[in-house]
Amino acid sequence: MDLNTISEIAHPRSRAQLPVWTAGDAWLAGGTWLFSEPQVHLTRLIDLTDLKWPALTVSENDLSVAATCTVAQLDAFACPPEWIASPLINQCCRAFLASFKIWKTATVGGNICMSLPAGPMISLTSALDGVCTIWQADGSEQKIPVADFVTGNQSNVLAPGDLLRQIDIPLAAMKRRSAFRQISLTPVGRSAALLIGSIAGDGAFALTVTASTVLPMQMSFARMPDAKELRETILQNISDDLYHTDVHGKPVWRKHMTLRLAEEIRRELETLP
Ligand SMILES: Cc1cc2nc3c(=O)[nH]c(=O)nc-3n(C[C@H](O)[C@H](O)[C@H](O)COP(=O)(O)OP(=O)(O)OC[C@H]3O[C@@H](n4cnc5c(N)ncnc54)[C@H](O)[C@@H]3O)c2cc1C
């Protein structure tokens with residue numbers, strides 16, 4: 001939709017060219033959410049496209065995903081065979097309630113900064129121990145795990161003028177065995193629960209719960225827990241008020257599915273060689 005309160009669009013090409021942040025500003029990434037509903041409080045958009053950050057960069061230790069990397073670019077990335085967790089990328093990209101038009105334009109950073117419970121890029125990058133780099137409005141830089149970046153339904157640690165620059169995923173996480181479960185109330189509906197489990201080389205098990213909860217919840221175990229230990233740990237760590245409620249699922253159902261999908265993940269990873 002037209003945003004008819006916008007009177008200016010800035011096109012910075014470098015960090016030095018980022019304009020001084022003022023009330024009424026918003027970063028423009030893919031624009032799939034920004035242009036989907038009225039934004040009467042906004043007067044200027046700062047387009048991130050001309051910063052031309054490389055979408056995906058592999059270094060010795062990390063896969064760096066630029067905030068402006070689109071969901072389609074991430075989905076198309078050819079991962080080396082030893083990255084056995086890579087199916088998670090495609091599974092999470094397909095967990096969007098969205099058409100191909102959204103996919104080709106929506107960015108990983110935009111999804112994380114939206115901080116919706118059903119943000120599949122939050123699920124993916126938090127489960128893979130991703131770390132956000134934030135360019136702070138005062139010129140400094142902050143690093144924070146994705147799991148701590150999101151603080152609730154549509155809330156996160158960003159202060160006005162802060163910009164998410166990239167997410168670094170450790171290659172060690174890409175080499176973990178993993179299992180994915182997702183459910184929606186309707187066949188192509190928004191995720192009501194999305195869980196990812198993984199096992200490290202030393203046998204440590206990690207479970208990340210998203211979509212059913214208002215923020216990502218992570219639980220770690222030194223070894224694979226039995227069904228009772230897993231269930232009790234989830235019940236202890238996720239209080240009832242952390243389960244999200246909207247038209248895509250009531251909290252009591254989301255809690256039930258969280259416990260059920262977690263056990264499915266446990267069984268799947270327990271039986272793999
Ligand atoms: C039909 C449809 C279906 C959708 N389905 C889903 C879904 O299933 N799950 C879901 O989570 N969302 C969904 N969305 C919402 C939205 O499209 C996605 O969250 C998308 O990933 C947002 O990315 P974007 O690049 O388009 O962000 P934009 O719309 O450009 O920006 C979103 C917000 O993030 C801010 N922002 C963007 N990039 C940065 C950055 N680097 N640093 C700081 N702030 C930034 C913007 O200022 C804005 O406030 C859907 C939207 C539509 C229209």
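If you go through the range 132-149 and keep only what is open to solvent by less than 20 Å² (accessible area, probe 1.4 Å) and of a type in the set (S, T, N, Q), you end up with just 133.
Here the range 132-149 is the region considered, the condition is being among the hydrophobic types (A, V, I, L, M, F, W, C) and over 27 Å from residue 242 (Cα atoms), and the residue that is nearest to the ligand (Cβ to nearest atom) is 135. The criterion of being buried (at least 20 other Cβ atoms within 10 Å of the Cβ) and among the polar types (S, T, N, Q) holds for residue 166. Residue 190 - would you say it is crowded, with 19+ Cβ neighbours inside 10 Å, charged (D, E, K, R), within 20 Å of residue 25 (Cβ to Cβ) and within 14 Å of the ligand (Cβ to nearest atom)? So residue 190 fails the test.
Residues 30, 24: which one is under 24 Å from the mean Cα position of the chain (by Cα) and either surrounded by 10 or more Cβ atoms within 10 Å (Cβ to Cβ) or not aliphatic (A, V, I, L, M) (or both)? Being under 24 Å from the mean Cα position of the chain (by Cα) and either surrounded by 10 or more Cβ atoms within 10 Å (Cβ to Cβ) or not aliphatic (A, V, I, L, M) (or both) holds for just one of 30, 24, which is 30.
Would you tally the residues in the range 137-156 being assigned to a strand (DSSP E or B) and of a type outside the set (A, V, I, L, M, F, W, C)? Matching residues across the range 137-156 total 8.
Taking the criterion of being of a type in the set (D, E, K, R), away from the ligand (no atom under 11 Å from the Cβ) and either farther than 15 Å from residue 27 by Cα or open to solvent by less than 30 Å² (accessible area, probe 1.4 Å) (or both), the residues of the range 45-94 that qualify are 60, 62, 75, 82. Within the range 183-209, residues that are within 19 Å of residue 122 (Cβ to Cβ) have Cβ atoms under 6 Å from residues that are buried (at least 18 other Cβ atoms within 10 Å of the Cβ) and among the aromatic types (Phe, Trp, Tyr) in these pairs: 196/180, counting only partners at least 6 apart in sequence or on another chain. Among the conditions (1) within 16 Å of the ligand (Cβ to nearest atom); (2) open to solvent by 60 Å² or more (accessible area, probe 1.4 Å); (3) within 18 Å of residue 168 (Cα to Cα), residue 40 misses just one, which is (3). Scan the range 99-131 for residues that are crowded, with 24+ Cβ neighbours inside 10 Å, near the ligand (Cβ under 7 Å from one of its atoms) and among the hydrophobic types (A, V, I, L, M, F, W, C) and the total you get is 3.
The values are calculated or read from the model by the stated rules, or taken from the named source; none is laboratory data. In this text, all values refer to a predicted model and were calculated from it rather than measured experimentally. Backbone-built Cβ (ideal geometry, glycine too); neighbour counts: all protein chains shown. The accessibility values were calculated without ligands, DNA or RNA, using every heavy atom of the protein model including side chains. Shrake-Rupley method; radii C 1.70, N 1.55, O 1.52, S 1.80 Å.
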